[in-house]
Amino acid sequence: MGHLRIVHVVRQFAPGVGGLEDFVLQLASRQVEAGHDVRVVTLDRIFDGDANRLPATDRIGGIDVRRLPWFGSRRYPIAPRVLGAIRGADVVHVHALDFFFDFLALTRPLHRRKLVFSTHGLFFHTPFASRMKRLYFGTVTRLAASAYGAIFASSEQDAARFHTIRRRGVEAVENGVDIDKFAGAASPNARTIIYFGRLAPNKRVDLLLDWFAALHRIDPAWRLIVAGKPMGIAVGALEAQAADLGISDAVSIHDTPAQAELAAL
């Protein structure tokens, strides 16, 4: 493969913390290492952050970052300036189903960029507005998907769902995991489980605590570490649940640890 100018379009990116942000960072970094010019186009505010605008331009690990102003809901942030930010791209890789997916499909006759898409779970994580989501997916998403050269489904479930609206060009490509950053950090003899990620309702950390309580009753030597940024679930609520389950002494919860702190856990 020759040298490519690749633009990733994603609603949230570093310094934001989360699975989507980390996936795009890792993918873009590997593409930079392979000799490609890589740009990430994202929004200029972090959801559940301090509401301050981030710099419009940035450089992270050799990746050119362009941040756009937006308005509307976090569920569907509107940022039409994305058209100017993708100029010159050989390939535009859109991540997650939101305004960017729809808008870049609608405006493809204008920008004429090659489009590919990664699903990242689509928007069916929670039961919120489930009927409307199904209707939207079967109409607007079906139409917009025709503008994309390839659909990379992040799971077999996403692939099956997309196959209901598009017969060809859908491939299951599950998200890779960066195991290098924590290599050698775990003790082979420790009976410790760690969860790290968003503390959000759809992550169902409450069910993890219920499950761990059952495990702890079988073997009290086990410990659980929960680490992440509260995004709809408060640390205090998880601590209260652990207390109700009688596992407070076996569970530690860490609010938004830095990468080095996370590795030390």
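The values are calculated or read from the model by the stated rules, or taken from the named source; none is laboratory data. Please read all numbers here as calculations on a predicted model, not as lab measurements. Methodologically, a virtual Cβ is constructed for each residue, glycine included, from the backbone with ideal geometry; neighbour enumeration extends over all protein chains shown.
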- Query: Which of the residues spanning region 229-248 are crowded, with 17+ Cβ neighbours inside 10 Å and either aromatic (F, W, Y) or in contact with a helix residue (DSSP H, G or I) (Cβ under 8 Å, 6 or more places away or on another chain) (or both)?
  - Reply: I233, L238, Q241, A242, L245, I247
- Message: Regarding region 173-188, can at least one residue be identified that is part of a loop (DSSP other than H, G, I, E, B), surrounded by 14 or more Cβ atoms within 10 Å (Cβ to Cβ) and without any contact (Cβ under 8 Å) to a residue 60 or more places away in the chain?
- Response: yes
- Can you list the helices (runs of 4 or more DSSP H) found entirely within region 16-106 that contain at least 3 residues being out of contact with any Leu (no Cβ under 9 Å at 6 or more places or on another chain) and over 23 Å from K133 (Cβ atoms)? 19-33
- Note on the structure: The condition from (1) surrounded by 14 or more Cβ atoms within 10 Å (Cβ to Cβ); (2) more than 20 Å from L68 (Cα to Cα); (3) without any contact (Cβ under 8 Å) to a residue 60 or more places away in the chain that F101 misses is numbered (2)
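The rows are residues; the columns are (1) in contact with a strand residue (DSSP E or B) (Cβ under 8 Å, 6 or more places away or on another chain); (2) under 14 Å from D102 (Cα atoms); (3) modelled with pLDDT of 95 or more.
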| position | (1), (2), (3) |
| --- | --- |
| G138 | no, yes, no |
| L143 | no, yes, yes |
| S155 | yes, no, no |
| R166 | yes, no, yes |
| E171 | yes, no, yes |
| N175 | no, no, no |
- Residue in region 151-166 that is more than 23 Å from G176 (Cα to Cα) and aliphatic (A, V, I, L, M) present: yes
- Note on the structure: Checked region 192-227 for anything within 22 Å of F23 (Cα to Cα) and either in a helix (DSSP H, G or I) or in contact (Cβ under 8 Å) with a residue 60 or more places away in the chain (or both); matches are I194, F196, G197, R198, P201, N202, K203, V205
- Item | Residue check for L54: modelled with pLDDT of 95 or more, under 22 Å from K229 (Cβ atoms) and surrounded by fewer than 20 Cβ atoms within 10 Å (Cβ to Cβ) | yes
- Message: Out of the residues in region 109-125 meeting the condition of being touching a Phe, Trp or Tyr at 6+ places or on another chain (Cβ under 9 Å) and farther than 14 Å from V7 by Cβ, tell me which one is surrounded by the fewest Cβ atoms within 10 Å (Cβ to Cβ).
- Response: F124
- Say whether the condition of being exposed (fewer than 15 other Cβ atoms within 10 Å of the Cβ), of a type in the set (D, E, K, R) and in a helix (DSSP H, G or I) is met by at least one residue in region 157-170. no
